[in-house]
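Let me begin by presenting the structure, written as structure tokens, before commenting on it.
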Amino acid sequence: MRIGIDLGGTKIEGVVLDERGVIARQRVATPQGDYAATLAAVGNLVNTLEAQVGGHALPVGLGHPGSIDPHSGVVRNANSVCLNGRALQQDVEARLGRPVALANDANCLALSELHDGAARGLQSAFLVILGTGVGGAVVANGQLQHGFNGLGGEWGHNPLPWVSRDEWPGAPCWCGQHGCLETWLSGPALARLHANAGGVGDTAQAIVAQAEQGDAIARASLEAYSHRLARALAAVINLLDPQIIVLAGGLSQVRRLYHDVPAHWSRWVFADQVQTPLVPAVHGDASGALGAARLGIES
Ligand SMILES: [Zn+2]
């Protein structure tokens, strides 16, 4: 048995995996902006899961936003900014009293979907998290690409491509730049852009529900979102040309994206025909935690 924890900006999801699959799962809200409380929540979640399956200390893998700086060993680039500059691995290990394997959340998603999900058996894939933050992971030659600087797949802080005049320079991002993909494509970004357009509803689900009831502002917000995601992914296709693009995170549940985005992206992909499938993660919300449970086995 192994435990996988997905430390997200909104929720912390934990699973216990054995050779048959998931045997226990639990989800708690992420304490906002509080590093000590976040560590405590991860520790309590591990203890709760262990209590559910017999009380023994199990191997733990943790998926987290951002990446670990290979020189200093501390977290950098996390949209949950209270993690940045922290020795997360050391601190979680001290809390749990055992070694813990860590990896970027999008890389955990990739491990899970490569193992038995949407990318199973494929040589190349690009995997995207559209949640509280925006991240990516690259699979090439059937392997997750960590990258020379530990930055492989970091995509959310590249700029939105092919911007229109009214999209320039874009909103300031917590990273110090303007107009990063995360400022256009995260869940909070969609809610902010929708509110700025005069819309009501602060979740993707609420905006989708309004669009389905014919609300013109909600329809326009989702159309603008699809258009931007199509441009962002067209740039990825032009660079990597993966066999599949897999979406995870809260916005991956918006079904119309799988139709609308490929309908738009051929305008920017440098080819007459684009056959790249755009699909949701097979394991949905649990993908990150499942991949984290596999850390140390197949990372
Ligand atoms: Zn940024």
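Collect residues whose amide H, placed 1.01 Å from N in the peptide plane, falls under 5 Å from the amide H of Lys11; neighbours closer than 5 in sequence don't count.
Result for Lys11 returns Thr30.
Please report, in cubic angstrom per residue, the volume enclosed by the convex hull of the alpha-carbon atoms of segment 1-140.
106 Å³
Keeping all protein chains in position, work out how much accessible area Cys180 exposes to a 1.4 Å probe, and write it in Å² to the nearest 10.
0 Å²
Quick one: what are the phi-derived ³J(HN,Hα) couplings along segment 96-110, Karplus 6.51/-1.76/1.60 with θ = phi - 60°, whole Hz, x for glycine and proline?
Once θ is set to phi - 60°, the couplings for segment 96-110 become 9, x, 6, x, 10, 8, 10, 7, 4, 4, 5, 5, 5, 3, 4 Hz.
Keeping every protein chain present and rolling a 1.4 Å probe, give me the accessible area per residue for the chain in Å².
45 Å²
Local charge sum around Leu233 (other residues, Cβ-Cβ under 14 Å, Lys/Arg +1, Asp/Glu -1)?
Cβ neighbours under 14 Å give a net charge of +1.
Take peptides 112-122, 196-206 and line them up by average Cβ neighbours within 10 Å, highest first, as a rough protection proxy.
So the peptides 112-122, 196-206, ranked by packing, come out 112-122, 196-206.
How large is ³J(HN,Hα), in whole Hz, for each residue of segment 131-138 in order, when computed from phi with the Karplus curve 6.51 cos²θ - 1.76 cosθ + 1.60 and θ = phi - 60°, using x for Gly and Pro?
Per residue, the Karplus-derived 3J(HN,Hα) values read x, 4, x, 10, x, x, 9, 10 Hz.
Please report the carbon-and-sulfur percent of the accessible area for segment 121-281; probe 1.4 Å, protein heavy atoms only, DNA, RNA and ligands left out.
After summing per-atom areas, the C and S share lands at 53 percent.
Considering the Cα trace of segment 121-281, what is its radius of gyration and what is Dmax, both in angstroms?
15.4, 48
How are the alpha carbon pair distances in the chain distributed across 10 Å bins from zero to the largest one, expressed in percent?
Distribution as computed: 6, 29, 35, 22, 7, 1 percent.
Between segment 255-299 and segment 84-138, what's the alpha-carbon centroid distance in Å?
15 Å
Quick one: dipole size for segment 121-281, taken about the Cα centre, charges +1 on Lys/Arg Cβ and -1 on Asp/Glu Cβ, in debye to the nearest 20.
About 40 debye.
With a 1.4 Å probe and all protein chains kept in place, how do Glu212, Glu223, Glu13 rank by accessible area, largest first?
These residues rank, largest area first, as Glu212, Glu223, Glu13.
With a 10 Å cut-off between alpha carbons and a GNM built on the chain, which of Trp155, Trp268, Trp168 moves the most?
Evaluated over the chain, the most mobile residue of the options is Trp168.
Would you pull out the residues with amide H under 5 Å of Val22's amide H, same chain only if 5 or more places away, H placed 1.01 Å from N?
Under 5 Å from the amide H of Val22: no residue qualifies.
Which residues does a label at Leu122 reach in segment 141-169, if reach means a backbone N under 16 Å from a point 7 Å past the Cα toward the Cβ?
Only 141-145, 153 pass the distance filter.
Calculate how many DSSP beta bridges within segment 121-281 are antiparallel, expressed in % of all such bridges and rounded to the nearest 5.
Expressed as a percentage, antiparallel bridges in segment 121-281 total about 60.
Nearest-5 percent of antiparallel DSSP beta bridges in the chain?
So the antiparallel bridges amount to about 60 percent of the total.
Run the 1.4 Å probe and let me know the accessible area of Thr10, rounded to the nearest 10 Å².
90 Å²
Run the dipole for the chain about the Cα centre, Lys and Arg Cβ at +1, Asp and Glu Cβ at -1, nothing else charged, and hand back the magnitude in debye, nearest 20.
In total the dipole reaches around 80 debye.
If I fit a long axis through the Cα atoms of helix 216-240 and take the longest principal axis of the Cα atoms of the chain, what angle between them do I get, 0 to 90°, rounded to 10?
70 degrees
Compute, for Thr48, the solvent-accessible surface of its heavy atoms (probe 1.4 Å) with the complete set of protein chains present, and express it in square angstrom to the nearest 10.
My reading of the accessible area for Thr48 is about 60 Å².
Which cross-chain or sequence-distant (5 or more) residues have an amide H under 5 Å from the amide H of Gly156, H modelled 1.01 Å from N in plane?
When sequence neighbours closer than 5 places are left aside, the close amide H contacts are Gly136.
In segment 19-118, which trypsin sites (Lys or Arg not before Pro) are in a loop and have at most 11 other Cβ atoms within 10 Å, using DSSP for the loop call?
Of the trypsin sites (Lys or Arg not before Pro), the ones in loops of segment 19-118 whose Cβ has at most 11 other Cβ atoms within 10 Å are Arg20.
The values are calculated or read from the model by the stated rules, or taken from the named source; none is laboratory data. The structure presented is a predicted model; accordingly, all values stated were derived computationally and were not measured. Cβ coordinates were reconstructed from backbone atoms using ideal geometry, including for glycine residues, and neighbour counts include every protein chain displayed. Just the protein is used for accessible areas: all its heavy atoms, side chains included, with ligands, DNA and RNA removed. Shrake-Rupley method; radii C 1.70, N 1.55, O 1.52, S 1.80 Å.
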